[in-house]
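Everything on this sheet refers to the single structure shown next.
The values are calculated or read from the model by the stated rules, or taken from the named source; none is laboratory data. These numbers come from a predicted model, not from an experiment. Ideal geometry is used to build each Cβ from the backbone, glycine not excepted, and the neighbour counts take in all protein chains shown. Calculation scope for accessible area: heavy atoms of the full protein, side chains included, ligands and nucleic acids excluded. Shrake-Rupley method; radii C 1.70, N 1.55, O 1.52, S 1.80 Å.
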Amino acid sequence: VKEDETAFHLQLAVPGLKKEDLNVNVEQNKLTISFNKETGSAEETANYTRQEFGYSAFERSFRLPKNVNTEAIAATYTDGILNVTLPKVAPKVEEPTVKQITIS
């Protein structure tokens, strides 16, 4: 994870995958990167049947800081590297509210 003035940059090495295999989503201020892949093969002869199954899965979650614009998150996948850009927004400064309370 790298941080500069305008954004956080996240890089993950995921060689051998296609971009369609990867899932990137944001839910309740949490970024989740995952993939799930199933493979299988079957060989049938007169005497036996052989089947092989393979399952691969990965999931990583990151809690996002409050100054990340979740609507503008972008992801690219090039040469086995997933790059996720998390743009920053100016933190909201809440002005203190003053309220007069009447005593009854």
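Determine which member of the set Leu86, Leu22, Leu31 is surrounded by 13 or more Cβ atoms within 10 Å (Cβ to Cβ) and without any contact (Cβ under 8 Å) to a residue 60 or more places away in the chain. Sole residue among the options that is surrounded by 13 or more Cβ atoms within 10 Å (Cβ to Cβ) and without any contact (Cβ under 8 Å) to a residue 60 or more places away in the chain: Leu31.
For the list (1) over 10 Å from the mean Cα position of the chain (by Cα); (2) part of a strand (DSSP E or B), I need the number of the one condition that Asn47 fails. Failed condition: (2).
Just to check your reading of the model, which residue among Glu71, Glu43, Glu52 is open to solvent by 100 Å² or more (accessible area, probe 1.4 Å) and either modelled with pLDDT under 85 or more than 17 Å from Gly16 (Cβ to Cβ) (or both)? Exactly one of Glu71, Glu43, Glu52 is open to solvent by 100 Å² or more (accessible area, probe 1.4 Å) and either modelled with pLDDT under 85 or more than 17 Å from Gly16 (Cβ to Cβ) (or both), namely Glu71. So is Glu38 part of a strand (DSSP E or B), of a type outside the set (Lys, Arg) and without any contact (Cβ under 8 Å) to a residue 40 or more places away in the chain or not? Judged against the criteria, Glu38 is a match. Cβ separations smaller than 6 Å between residues 6+ apart or across chains give the following pairs from region 46-61 residues that are among the aromatic types (Phe, Trp, Tyr) to residues that are surrounded by 10 or more Cβ atoms within 10 Å (Cβ to Cβ): Phe58/Phe35.
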